[in-house]
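Below is one structure, written out as structure tokens, with a few remarks after it.
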Amino acid sequence: MGLGSVMTNALSGLRVTQSGLDVVSQNISNADSAGYIRRRSNVSEQPIGDQAGFARVAGVQRMLDKVVQKQLWNETSGSGYTATKANMLGALDQVYGPPDSSSSLGSVMSKFTNAIQQMKSDPANYTLRTGVVAAGQEMAGRLRSLSGGIQDLRGQAEEAISAAVNDVNRILTQIQANDGKILDANGGQSSSPALLDERDKLLTELASYMDIRTSDNGNGSFNIFTTSGVTLFAGSNATKLSFDPAASVGADQLYNPDPALSGVGILRAETGFGGSVDLLANNSIRSGELAALVELRDKTLVTAQNQLDELAANMASALSDREVNGAAVVAGAATGFDVDTVGLLAGNQITLDYTDSTTGQAARFTFVKADSAGAVTGIATSGLSSGDNRVIGINFSLGMASVITQIQAAVGAGFTVSNPAGTTLRIVDDGAGNTRDVNALVARPTVTTTTGPQPAPPAAPITEFPFFIDTGVSGGIYAGSFEGKMQMRGLSARIDVNKDVVSNRALLVQYSSTSTIPQGDQTRPVMMYQRLTGQVRVFSTQTGVGGTSTSYRASIQDFGKRLIETQGSTIQSAASLNEGQQIALKAVEARFTEKSGVNIDQEMSSLVELQNAYSANARVISAVREMMDLLLRL
């Protein structure tokens, strides 16, 4: 090798080490910069013919571990989801207040039932009657307050979805601009580490809002999808998300994929040419802040509202619905009951309790009186049915013959349904077949007046009365109607104590308008206390209390306790899940920093090596120059 080749190699070494020094200095100066990926000079040998040539810098490489980066995106999405949910449910916890406070739902409910218990012991005591009215008003007020708080949180979620969509669109627009710079630089493709760092930083920010995955196009560009496959960015084109938030959010404003029926905003991805995809209909966003906000708005907080509404509805119905027990009948080998359906209002129920003889499992059919085909459809789509309690709308406006036909179609061949006379409904089992045994048939018409005529013996006195009313309907009577809309939905925001009872507290005792009831009569107070604390009622799976596949059976008082426990458990679970997710995110971030971040000790070691290499090449150049000077002097 001649002196010229040695000089060329040494000079190339200086250039390589100078480039390396520049990269190391960049690494050190950006050690704390968010999104900065450690860089390294790529050095290659440039041969000259078939001989060894000189060293050259082939470019600057980012030391990015793509596997860990994908894990980081996944955990970032998970963190956005759990943190958002925990924060919102923490606010819900504030709405409910401390369980041991005097204003908590449990305390207020206990105060109400205790007031009735005290009145039951001394019905003639005006002060005790006043206590019942005051406690009832406090109970209704607490339900209204909680319902308002839940809807405020749903409104906040709606606004947050809108803000998050704007952020996602901003990020996608920035990614599109960044992608253009990458492709436009250096004849079509740039490997600029700064541009690539900026792109990855934007992707990590995007991952906090939604779950993402990417694919490389091979030309420096790439595609972004949700994990469900919805395209967010492709071929240098960014998808635009759209969201039209509702001006206000109430209990009866729910998501529906049909824009004409949806009471809240629908999140869409614009596909171009005027088309769009509903991202909520098929659960296209499964993690990140957006997924949590949608779940809170459409599921978690809706379930919380359902719990309050069902509590309010059962409290109202328990005190106003008269139970008409069916009379036992025998029809050949079959046995069952006759019950009179007279007096049923739209929304009132007839329940058929039976046992499946082959499995021994008890179950129920709940037939809800409807006065229109639309109400029947509303009942069918209400979600009130469960595995052990099928809720079925029956259109009574078509006459008893049609009612019998509808009920027979609903219960199937295991029962025989008939109309022996007038408004009487008869349901018997299959007799010799012995596949189902009828246990009870009960009609529950709502009593609409505070006092009524005393039934002739041996009928039981009508002690039920509308203590709680629905201020959102004409007349205030709550019957569970589905005409127009589901009356139970949002009832907790409208419930109040009957103004007639407030102005005349003797109605807490006097239940007959045709006979004198002594001021000390216990009949009505006993009914109130028993219905609220002792009567077992069926609560739908929409409340989430007791599971999502089987209805929950308990007294109203016990349901109220379980409601509070369920909410507390949900809130605590969200907080614990978020705590675990943050630990997981920090672990991946630490691993990502270890793999792709700047280690000052490592960079200082590299700096020393480069300095030594620079000095060695400089000494070679100096030696070659001295040798060439010596040769020239000869």
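The values are calculated or read from the model by the stated rules, or taken from the named source; none is laboratory data. What you see is a predicted model, and the numbers here were worked out from it, not measured in a lab. FYI the Cβ positions are ideal-geometry reconstructions off the backbone, even for glycines, and counts take in every protein chain you see. These accessible areas exclude ligands, DNA and RNA; they are computed on the full protein's heavy atoms, side chains included. Shrake-Rupley method; radii C 1.70, N 1.55, O 1.52, S 1.80 Å.
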Extreme residue, most open to solvent (accessible area, probe 1.4 Å), among residues of segment 82-109 that are without any contact (Cβ under 8 Å) to a residue 40 or more places away in the chain and small (Gly, Ala, Ser) = Ser102
task = Mind listing whichever residues of segment 342-381 are in contact with a helix residue (DSSP H, G or I) (Cβ under 8 Å, 6 or more places away or on another chain) and within 27 Å of Val473 (Cα to Cα)?
result = Leu344, Ala346, Phe367, Val368, Lys369, Ala370, Asp371, Ser372
ask   = So Ala362 clears everything in (1) touching a strand residue (DSSP E or B) at 6+ places or on another chain (Cβ under 6 Å); (2) under 30 Å from Gly136 (Cβ atoms); (3) open to solvent by 50 Å² or more (accessible area, probe 1.4 Å) except one condition, right? Which one?
value = (2)
remark   = Here the residues within segment 523-563 that are crowded, with 18+ Cβ neighbours inside 10 Å, among the hydrophobic types (A, V, I, L, M, F, W, C) and assigned to a helix (DSSP H, G or I) are Met527, Met528, Leu532, Ile556, Phe559, Leu563
note = Picked from segment 365-395 (must be in a loop (DSSP other than H, G, I, E, B) and modelled with pLDDT of 95 or more), the residue most open to solvent (accessible area, probe 1.4 Å) is Asp371
message = With the requirement that a residue be out of contact with any helix residue (DSSP H, G or I) (no Cβ under 7 Å at 6 or more places or on another chain), surrounded by 17 or more Cβ atoms within 10 Å (Cβ to Cβ) and closer than 21 Å to Tyr96 by Cβ, what does segment 146-165 give you?
response = Gln151, Gly155, Gln156
task = Look at segment 405-416 and say how many of its residues are open to solvent by less than 40 Å² (accessible area, probe 1.4 Å) and under 18 Å from Ala380 (Cα atoms).
result = 4
query = If you check every pair at least six apart or on different chains, which have Cβ atoms under 9 Å apart with a residue in segment 165-187 that is modelled with pLDDT of 95 or more first and a residue that is surrounded by fewer than 17 Cβ atoms within 10 Å (Cβ to Cβ) and not hydrophobic (A, V, I, L, M, F, W, C) second?
reply = Val165/Ser242; Asn169/Ser242
key: Test: Val168 is surrounded by fewer than 17 Cβ atoms within 10 Å (Cβ to Cβ), β-branched (Val, Ile, Thr) and over 20 Å from the mean Cα position of the chain (by Cα)   = no
inquiry  = Suppose we keep only residues that are outside any loop (DSSP other than H, G, I, E, B) and closer than 30 Å to Val391 by Cβ within segment 488-500. Which one would you say is most open to solvent (accessible area, probe 1.4 Å)?
reply    = Ala493
request  = Would you check if Thr341 is among the hydroxyl-bearing types (Ser, Thr, Tyr), over 30 Å from Leu507 (Cβ atoms) and surrounded by 20 or more Cβ atoms within 10 Å (Cβ to Cβ)?
outcome  = no
task = Pull up segment 260-285, narrow it to residues that are at pLDDT below 90 and in a loop (DSSP other than H, G, I, E, B), then point me to the one that is farthest from Asp179 (Cα to Cα).
result = Asn282
ask   = Across segment 210-219, what is the number of residues that are surrounded by 15 or more Cβ atoms within 10 Å (Cβ to Cβ) and without any contact (Cβ under 8 Å) to a residue 40 or more places away in the chain?
value = 1
query = closer than 26 Å to Val302 by Cβ, in contact (Cβ under 8 Å) with a residue 40 or more places away in the chain, in contact with a strand residue (DSSP E or B) (Cβ under 8 Å, 6 or more places away or on another chain) and assigned to a loop (DSSP other than H, G, I, E, B): does that describe Glu464?
reply = no
request  = Identify, from the list Lys586, Lys485, Lys595, the residue that is touching an Asp or Glu at 6+ places or on another chain (Cβ under 8 Å), open to solvent by 50 Å² or more (accessible area, probe 1.4 Å) and not in a loop (DSSP other than H, G, I, E, B).
outcome  = Lys595
query = Counting just the residues of segment 503-518 that are open to solvent by 40 Å² or more (accessible area, probe 1.4 Å) and not in a loop (DSSP other than H, G, I, E, B), which one comes out nearest to Tyr529 (Cα to Cα)?
reply = Arg505
